[in-house]
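The values are calculated or read from the model by the stated rules, or taken from the named source; none is laboratory data. The structure displayed is predicted, hence computed values, not measured ones. Cβ sites come from the backbone with ideal geometry, for glycine too, and all protein chains shown count toward neighbours. Just so you know, the surface numbers come from the protein's heavy atoms only, side chains and all, with ligands and any DNA or RNA stripped out. Shrake-Rupley method; radii C 1.70, N 1.55, O 1.52, S 1.80 Å.
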Amino acid sequence: MPRPEKSNGRGTKRLQLDWKFVQRFCSIQKILFPSWSSQSVLMFGTLLCVTLTEQLIIYQVGILPSHFYNVLGDKNYSGFKNLLGTAMVLIVVNSTLKSVDQYICNQMYVSWRKTLTESLHSAYFQGRVYYTLNVLREDVDNPDQRISQDAERLCKQMSTMASRLIVSPFTLGYYTYHCFHSTGWIGPVSIFGYFVVGTVANKILMGPIVSTLFEQEKLEGDFRFKHMQIRVNAESAAFYRAGKVEHMRTDRRLQTLLQTQKRLINKELWLYIGVNTFDYLGGLLSYIIISIPIFTGVYDDLTPGELSALISKNAFVCIYLINGFTQLIDLSTTLSDVAGYTHRIGELREVMDDILRKQCDYDPADFNIHGGPTDTAFILDSLSYKSPYSDQLLVEDLSLKISQGTHLLVVGNTGTGKTSLLRVLNRLWEADSGFVQMTTCFGPRGTLFLPQKPYLTDGTLREQVPFITLLMLPHGIPKILNNLRSVDDERIIHFLELAGVSSLLKRTGGLDEKVDWNWYDVLSPGEMQRLCFARLFYLQPKYAVLDEATSALTEEAEAQLYRTCKQLGMTLISLGHRSSLEKVVDVSNIRFEEKWASVRI
Ligand SMILES: Nc1ncnc2c1ncn2[C@@H]1O[C@H](COP(=O)(O)OP(=O)(O)OP(=O)(O)O)[C@@H](O)[C@H]1O
């Protein structure tokens, strides 16, 4: 299998405001606006009403100065008083509407973030996508960063754009009409022409920003990952006195990130210059447009008072039309951010879809349900497999049937492919050739795997023990939690004792006490392995696959745990390279007169 090309955003990919961006953007919009009656559409509709009303009020506020010119020019005191009252009301309504507009945008941001992140989660956690994405695929950097941070920033930027974009077709239409009414065709045509020039210039300036932002986000993810590595492995790093080395490496990542950030800022400078020049030239353009009818004598018959009121009104209309366009141009900086994040999230979704499609092709039936002999766990026939991206077979022509009552010991040197056999059995890796079938289901009534690295989840002690049953329950999460509460306390405590970790009860203060520690930091490797055995005892599957699951324990403890498994009726498939395992097997053979088969790979 060719190794996917790693994207670094610098050479291999040119991410632009192109057709690909439009496609990715539209597919994200489909998630955010799933139907006409969805919450986002309703919020968008409300936002449209609010911003339209806001624009009407803004228009009234905008033409206030021309009214003031009129009443002050005419020395109309009562008119002035009435106008002052109207102006106060308009200003209060205007500021309230502005705040409501902002409020709806913020609500939309949260709702969009929820919808988008949940949609990414459902693809990420489906099947084995999170494994393939993190371990086997190198074409997508930092999936965690894309889901947690890029999705958030995309929603934030889109929500800031929303209220300006949503109302612009209406305001532009409205003010174009007014502008045409006041200045004739010269006004709207010159403003539209000006906008086209500005858009083309900004599109050119935005191009390099999108790909640099993409790269910056990748480096941001790498930098955070480095800190996470140190956080997770703090103790091992401390034993190695790795502070200096890691300081240097982390600083190096920071430097690379900052260099890219500087490049981004440099590129943004040109865009800012473009946007600001466009803004100020726009202000000038409005006066040029107004000056044309004045100097061509169209308004020669007006009194100076009427003329200044008209100039003020026309200036407002032109300025507002130009302002409508410049606001769109101002969005260029936000749009380039949106494009960068859209590419990152779009790419992640495409790769996850690709993984899911391939998984379905490879694994058409539901993995948990297989018809087959009930007394058999796995059937392997002439199975050959290799590690990803390697041409050399790890194991060739392995035929094996794992049946109930016959325990199996799989031994072999380091790196010979023992754990890889489990990866193939679990469909994490594809077999090169041959046949492999898991004939039982995964879980308490079938097969359970204890991987080399103990797996603990966050939560209470109770949540660690029957952890896997969460997967088995067909109900929603709240029901699962309720079910957990009703789980038999005595059974859990009994199995914690059998596994030799009942002391944890004292440390946590009880099964349901919330702990604010990371289980990986506070338990010793042996305790973690024992806790996994307590889970195994509790779940009592028919088959237990133990991959070096006792590597941190003494031989006696190992023998004791194996004995308990067998007493509980489990058939064991044990993988390892330690001679002690073979001893355990011998001891068990004598004591329980059970069958053990062994395979060396
Ligand atoms: N994600 C991966 N990508 C590429 N190669 C891998 C990956 N995981 C493991 N390998 C390689 O596959 C080979 C077999 O690994 P495996 O984990 O099966 O060894 P093992 O027999 O279980 O070793 P040990 O006794 O040390 O646990 C090793 O050479 C390993 O480096």
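Let's see how each residue does on (1) without any contact (Cβ under 8 Å) to a residue 40 or more places away in the chain; (2) away from the ligand (no atom under 16 Å from the Cβ); (3) out of contact with any strand residue (DSSP E or B) (no Cβ under 7 Å at 6 or more places or on another chain):
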{"site": "GLY62", "(1), (2), (3)": "no, yes, yes"}
{"site": "SER66", "(1), (2), (3)": "no, yes, yes"}
{"site": "VAL89", "(1), (2), (3)": "yes, yes, yes"}
{"site": "SER95", "(1), (2), (3)": "yes, yes, yes"}
{"site": "LYS98", "(1), (2), (3)": "no, yes, yes"}
{"site": "LYS114", "(1), (2), (3)": "yes, yes, yes"}
{"site": "LEU133", "(1), (2), (3)": "no, no, yes"}
Q. Does segment 197-205 contain any residue that is free of Cβ contacts under 8 Å to residues at least 12 places away in the same chain, surrounded by 13 or more Cβ atoms within 10 Å (Cβ to Cβ) and not hydrophobic (A, V, I, L, M, F, W, C)?
A. no
Q) Any residue in segment 156-166 that is under 16 Å from the mean Cα position of the chain (by Cα) and either free of Cβ contacts under 8 Å to residues at least 60 places away in the same chain or surrounded by fewer than 20 Cβ atoms within 10 Å (Cβ to Cβ) (or both)? A) yes
Q | Every residue from segment 409-426 that is of a type outside the set (S, T, N, Q) and either more than 6 Å from the ligand (Cβ to nearest atom) or surrounded by fewer than 17 Cβ atoms within 10 Å (Cβ to Cβ) (or both) | A | LEU409, VAL410, VAL411, GLY415, LEU421, LEU422, ARG423, VAL424, LEU425
(Q) Looking at segment 237-250, I want the residues that are within 26 Å of LEU219 (Cβ to Cβ) and have a partner that is surrounded by 15 or more Cβ atoms within 10 Å (Cβ to Cβ) and small (Gly, Ala, Ser) with Cβ atoms under 9 Å, at least 6 apart or on another chain. Which pairs are those? (A) GLY243/ALA237; VAL245/ALA237; GLU246/ALA237
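With the condition kept exactly as written, say whether any residue in segment 581-599 is modelled with pLDDT of 90 or more, buried (at least 21 other Cβ atoms within 10 Å of the Cβ) and within 16 Å of the ligand (Cβ to nearest atom). Lay out the reasoning, then the answer.
Pass one, segment 581-599, residues modelled with pLDDT of 90 or more: none.
No, segment 581-599 contains no residue that is modelled with pLDDT of 90 or more, buried (at least 21 other Cβ atoms within 10 Å of the Cβ) and within 16 Å of the ligand (Cβ to nearest atom).
Based on what the data block shows, is ARG249 farther than 30 Å from GLY324 by Cα, out of contact with any helix residue (DSSP H, G or I) (no Cβ under 6 Å at 6 or more places or on another chain) and surrounded by 13 or more Cβ atoms within 10 Å (Cβ to Cβ)?
Criteria met by ARG249.
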Q: Please go through segment 537-556 and pick out each residue that is modelled with pLDDT of 90 or more and within 19 Å of SER502 (Cα to Cα).
A: PHE537
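Might you let me know whether segment 454-470 holds any residue that is open to solvent by less than 40 Å² (accessible area, probe 1.4 Å), on the phi > 0 side of the Ramachandran plot and within 10 Å of the ligand (Cβ to nearest atom)? So that I can check it myself, show each step before the final result.
Filtering segment 454-470 down to residues open to solvent by less than 40 Å² (accessible area, probe 1.4 Å) leaves 454, 456-457, 459-462, 464-469.
Subsequent filtering for residues that are on the phi > 0 side of the Ramachandran plot retains 459.
Those left that are additionally within 10 Å of the ligand (Cβ to nearest atom): none.
Taking every residue of segment 454-470 in turn, none turns out to be open to solvent by less than 40 Å² (accessible area, probe 1.4 Å), on the phi > 0 side of the Ramachandran plot and within 10 Å of the ligand (Cβ to nearest atom).
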Q | segment 427-445, residues that are open to solvent by 40 Å² or more (accessible area, probe 1.4 Å) and either under 23 Å from SER387 (Cα atoms) or in a strand (DSSP E or B) (or both) | A | LEU428, GLU430, ASP432, SER433, GLY434, PHE435, GLN437, PHE442
Q) In segment 510-552, which residues are within 16 Å of the ligand (Cβ to nearest atom) and either surrounded by fewer than 23 Cβ atoms within 10 Å (Cβ to Cβ) or aliphatic (A, V, I, L, M) (or both)? A) PRO525, VAL545, LEU546, ASP547, GLU548, ALA549, SER551, ALA552
Q) Quick one: is GLN145 in contact with a Ser or Thr (Cβ under 6 Å, 6 or more places away or on another chain) and more than 16 Å from the ligand (Cβ to nearest atom)? A) no
Q. So how many residues does segment 392-408 have that are within 14 Å of the ligand (Cβ to nearest atom) and either at pLDDT below 85 or under 24 Å from LEU546 (Cβ atoms) (or both)?
A. 3
